[in-house]
Every structure is written in C-alpha cells, then in structure tokens.
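The values are calculated or read from the model by the stated rules, or taken from the named source; none is laboratory data. Treat the numbers as computed from the prediction; the structure is a model and nothing was measured. No Cβ is skipped: glycine too gets one built from the backbone with ideal geometry, and neighbour counts run over all protein chains shown.
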Amino acid sequence: MSKETRFCSNCGAEIDVKAKICPKCGVEQVPIVEKVSSLWYLVPLFLGIIGGLIAWFVNKDRNPRKARNFLIFGLIWTIVGIVIMWIAWAFLVVAFFTAFGGTV
C-alpha cells in the first residue's frame, strides 16, 4: 500500500485515498480526517477574514470541519474589529466636540 492509496472499509480492496466510492464494491467511503494544528487560529487572528480564507484554503482537504472554523473565526474577528473601531470613532467624535465647546 502506497501513500496515495488505502483499503476499502467494506471489501478491503486497495483504492485511491481520495476515492469517495469503492470502484470494486460501490460502498461509500468515510473520508480520512487529518489532525490540524490549532496554531492555524493565529493566521485569522492577525489577518482577519483574509487570514481565515488562507487557513481554510490550506486545511480544507485535510480537515474540512476545522478549516470551516478557521474561516468563521476570521469573519467574526473582522466584524468585532470593525465594531470596536466604530465605538472608538464615536467616543473620539464626542470627545472632540465636548473639548471645543460644541454640541454633539
């Protein structure tokens, strides 16, 4: 058995590692899920949605569920950053107008 093949879960035939259905018996195969490091969460943490897309693209074939979580984390982290910037901007505007005697 080479690195690019595995055995069918039903009949034991040697099949391609990416095969979804065994060509010999026709049984659907359970996908192989590889372990992906949680350090990938640092990419969307620092790069936001772009980092989430990068982490998803790199890991989507190895562990689709965790890759989706990287993408969701990047999206949520980007939204949180935008909300924090809006709040900071609102405080800055209020502080500017009150410092110079104006009204908001």
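Which condition number in (1) at pLDDT 90 or above; (2) exposed (fewer than 14 other Cβ atoms within 10 Å of the Cβ); (3) part of a helix (DSSP H, G or I) is the one that Ile49 fails?
(2)
So, Lys66, is that one out of contact with any Gly (no Cβ under 9 Å at 6 or more places or on another chain), part of a loop (DSSP other than H, G, I, E, B) and either among the hydrophobic types (A, V, I, L, M, F, W, C) or within 29 Å of Lys18 (Cα to Cα) (or both) or not?
Working: out of contact with any Gly (no Cβ under 9 Å at 6 or more places or on another chain): yes; part of a loop (DSSP other than H, G, I, E, B): no; either among the hydrophobic types (A, V, I, L, M, F, W, C) or within 29 Å of Lys18 (Cα to Cα) (or both): yes.
So Lys66 does not fit the description; no.
Restricted to segment 89-104, and to residues that are small (Gly, Ala, Ser) and loosely packed, with under 10 Cβ neighbours inside 10 Å, which residue is farthest from the chain's Cα centre (by Cα)?
In this case the residue turns out to be Gly101.
If you go through segment 69-91 one residue at a time, do you hit one that is within 30 Å of Cys8 (Cα to Cα) and either modelled with pLDDT of 90 or more or of a type outside the set (Ser, Thr, Tyr) (or both)?
Within segment 69-91, one or more residues are within 30 Å of Cys8 (Cα to Cα) and either modelled with pLDDT of 90 or more or of a type outside the set (Ser, Thr, Tyr) (or both).
Return the total of residues in segment 32-63 being touching a residue at least 24 places away in the same chain (Cβ under 8 Å) and farther than 28 Å from Val83 by Cβ. Show your work before the answer.
Here is the first cut: in segment 32-63, the residues touching a residue at least 24 places away in the same chain (Cβ under 8 Å) are 32-36, 40-41, 43-45, 47-50, 52, 62-63.
Now narrow it down to the ones that are farther than 28 Å from Val83 by Cβ: 32-36, 62-63.
Final tally of qualifying residues: 7.
Which condition breaks for Leu42 when tested against (1) within 12 Å of Phe70 (Cβ to Cβ); (2) among the aliphatic types (A, V, I, L, M); (3) not assigned by TED's automatic domain parsing to the domain that holds Ile82?
Single failed check for Leu42: (3).
Would you mind finding the one in Ile54, Ile72 that is surrounded by 10 or more Cβ atoms within 10 Å (Cβ to Cβ), touching a helix residue (DSSP H, G or I) at 6+ places or on another chain (Cβ under 6 Å), hydrophobic (A, V, I, L, M, F, W, C) and at negative phi? I'd like the intermediate steps shown before the answer.
Numbers: Ile72 fails: touching a helix residue (DSSP H, G or I) at 6+ places or on another chain (Cβ under 6 Å).
Just a single option satisfies the conditions, and that option is Ile54.
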